[in-house]
Amino acid sequence: MNIHKNARLTPLRREEMALAVMEGGLSQAQAALKFAVTAKVVKRWVERYKAEGRAGMADRSSRPRRSPNATERAVADRIVALRRQRLTGKHIASVVAVSPATVSRVLARAGLSRLKDLEPAEPVRRYERDAPGDMIHIDIKKLGRFDRIGHRITGDRTGQSNDRTSRKGGAGWEFVHVCIDDASRIAFSQILPDEKKESAVAFLNAAIAYYASLGVAVARVMTDNGGCYKSRAFRAACKALGLKHIRTRPYTPKTNGKAERFIQTALREWAYARAYPTSDRRAAELPVWLHQYNWHRPHGSLKSKTPISRLGLSEDNLLRLHT
């Protein structure tokens, strides 16, 4: 039972109050004063205790015993049936000859307020490549630059309008290019000035070089359908590196979910974790956080092991690579 946060009486106090009156210790007026309620409330609980005993001290549902104006079951069933034919609420109201509000209430009770509720939820399909390097996920996150502590910390948006273009005196934007290995979750990231094809190609080459330094040969790269990834330059870079380029299905970001999830983690634990005085200071902390993420941070999907543990490196190799 959920007790209202402002309730003066719990079932135990109701019983105590009723017994105090019934046993002659207090009058109803005195009990009302002692328990900070009205005499009418005291009378109600005393009568209920006489009729039902301790069981009567529990809260009862406020739902009425009868609802003579409730929508008939046959009408409600027809509304639901028409909804399953993908009719809109107003269309259903005109067909059934009831008000749109009635249709809305019936559909809400049936869990069919939105048309997409008619379709069963697509089951979550989780996958993981067998070996590090089988596939890497790449994505980009746009972050605003700043030259003082940002509004997420201070709450002050003065001078931090959405228009950050240099033409209007704004600090501008920077673009966090991220990459994460599907099997090991080892991540790599760089902050670049834009999300154009030249930056995307440069980041791809840097990411492949980083994984190669760990002894990981990359075979595939997955990206979304951003313009830089659909460019001929990126396609040529993938071919030159011997990579198979896989693009996600349009409007389906969950296909590239590991990169999306890594971006959320990076924002929470790095970008917005501290009150950085400037965006340059924030950028300087990115390599430090990446090292922590790859080498020391337990990862939930890896049974609380670190991403680097998935490489199966010997102790000597770990010491050589740990800088």
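Odds and ends about this structure:
- The condition of being at pLDDT 90 or above and within 23 Å of the chain's Cα centre (by Cα) holds for only one of 99, 113, that being 113.
- One residue stands out among those in the stretch 281-306 that are in a helix (DSSP H, G or I) and modelled with pLDDT under 90: the one that is surrounded by the most Cβ atoms within 10 Å (Cβ to Cβ), which is 302.
- Take the conditions (1) of a type in the set (Gly, Ala, Ser); (2) closer than 21 Å to residue 134 by Cα; (3) crowded, with 16+ Cβ neighbours inside 10 Å; residue 242 misses just one of them, which is (3).
- Residue, nearest to the chain's Cα centre (by Cα), within the stretch 116-143, restricted to residues that are under 19 Å from residue 178 (Cα atoms) and at pLDDT below 90: 128
- The single condition from (1) part of a helix (DSSP H, G or I); (2) touching a His at 6+ places or on another chain (Cβ under 7 Å) that residue 189 fails is (1).
- Applying the condition of being closer than 17 Å to residue 287 by Cα and touching a Phe, Trp or Tyr at 6+ places or on another chain (Cβ under 8 Å) to the stretch 205-219 and asking which residue is surrounded by the most Cβ atoms within 10 Å (Cβ to Cβ) yields 207.
- The residue pairs whose first member lies in the stretch 63-78 and is without any contact (Cβ under 8 Å) to a residue 40 or more places away in the chain and surrounded by 11 or more Cβ atoms within 10 Å (Cβ to Cβ), whose second member is part of a helix (DSSP H, G or I) and of a type in the set (Ser, Thr, Tyr), and whose beta carbons are closer than 8 Å, counting only pairs six or more residues apart or on different chains, are 71/102.
- Count of the stretch 220-239 residues which are within 15 Å of residue 198 (Cα to Cα) and part of a helix (DSSP H, G or I): 11
- Residues considered: 60, 86, 66. Of these, the only one that is under 30 Å from residue 119 (Cα atoms) and not in a helix (DSSP H, G or I) is 86.
- The single residue among 248, 265, 278 that is closer than 25 Å to residue 194 by Cβ, of a type in the set (S, T, N, Q), surrounded by 14 or more Cβ atoms within 10 Å (Cβ to Cβ) and out of contact with any helix residue (DSSP H, G or I) (no Cβ under 9 Å at 6 or more places or on another chain) turns out to be 278.
The values are calculated or read from the model by the stated rules, or taken from the named source; none is laboratory data. Predicted, not measured: the structure shown is a model, and the values here were computed from it. When we count neighbours, we look across all protein chains shown, and the Cβ atoms used for this are built from the backbone with ideal geometry, even at glycine.
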